[in-house]
Amino acid sequence: MDAIDLTSLFSSATKDTIVYLRYRAGHPAGSEAIKEFEAAKDWGKGPDEYIGHFVELTRNRRKELVLTLFVHNRGETGALRKFNPSVGRLLEAKILTP
């Protein structure tokens with residue numbers, strides 16, 4: 001699979017941009033992450049699927065690209081999540097609304 005160019009994909013994204021993401025975490029899910037996934041099972045998405053509003057695309061102190069979303073299908077009311085393709089595996093990313 002070709003690498004997803006997050007910089008290009010999110011070049012014109014705003015806080016109103018809704019994103020679909022498939023991401024396999026680089027570390028096992030903790031108990032809080034499991035509870036948040038269970039609370040949002042009514043979305044009908046798998047544990048590696050996320051739908052949420054774009055927050056930001058930044059680089060961490062190691063210069064790795066990190067995507068932050070306010071994910072709606074986690075917890076009872078949503079939750080901020082950071083996705084680092086250098087740690088986990090980004091399987092798919094789509095902008096649902098510009």
Mind listing whichever residues of segment 43-98 are touching a Ser or Thr at 6+ places or on another chain (Cβ under 6 Å) and free of Cβ contacts under 8 Å to residues at least 40 places away in the same chain?
E56, E64, V66, K82
Do you know which residues across segment 11-29 are surrounded by fewer than 14 Cβ atoms within 10 Å (Cβ to Cβ) and touching a helix residue (DSSP H, G or I) at 6+ places or on another chain (Cβ under 9 Å)?
A29
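Identify, from the list E64, E32, E36, E56, the residue that is surrounded by 15 or more Cβ atoms within 10 Å (Cβ to Cβ) and under 15 Å from K82 (Cβ atoms). Lay out the reasoning, then the answer.
On the way: E64 fails: surrounded by 15 or more Cβ atoms within 10 Å (Cβ to Cβ); E32 fails: surrounded by 15 or more Cβ atoms within 10 Å (Cβ to Cβ); E56 fails: surrounded by 15 or more Cβ atoms within 10 Å (Cβ to Cβ).
Residue meeting the stated conditions: E36.
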For segment 59-75, how many residues meet the condition of being part of a strand (DSSP E or B) and either touching a helix residue (DSSP H, G or I) at 6+ places or on another chain (Cβ under 9 Å) or closer than 21 Å to P98 by Cβ (or both)?
6
Test set (1) basic (K, R); (2) without any contact (Cβ under 8 Å) to a residue 60 or more places away in the chain; (3) out of contact with any Phe, Trp or Tyr (no Cβ under 8 Å at 6 or more places or on another chain) - R24 fails condition number:
(2)
Matching residues in segment 21-31 (within 16 Å of the chain's Cα centre (by Cα) and among the hydroxyl-bearing types (S, T, Y)) number 1
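To keep it simple, each residue is scored yes or no on (1) more than 11 Å from the chain's Cα centre (by Cα); (2) assigned to a loop (DSSP other than H, G, I, E, B).
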residue	(1), (2)
I4	yes, yes
A13	yes, yes
V19	no, no
A33	yes, no
E36	yes, no
K45	yes, yes
I51	no, no
R81	no, no
V87	yes, yes
Based on this model, can you work out whether T17 counts as in contact (Cβ under 8 Å) with a residue 12 or more places away in the chain and not hydrophobic (A, V, I, L, M, F, W, C)?
yes
What residue, among those in segment 79-98 that are among the small types (G, A, S) and out of contact with any Phe, Trp or Tyr (no Cβ under 6 Å at 6 or more places or on another chain), is modelled with the highest pLDDT?
A93
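The values are calculated or read from the model by the stated rules, or taken from the named source; none is laboratory data. Treat the numbers as computed from the prediction; the structure is a model and nothing was measured. Every residue, glycine as well, gets a Cβ built from its backbone with ideal geometry; the counts of neighbours run over all protein chains shown.
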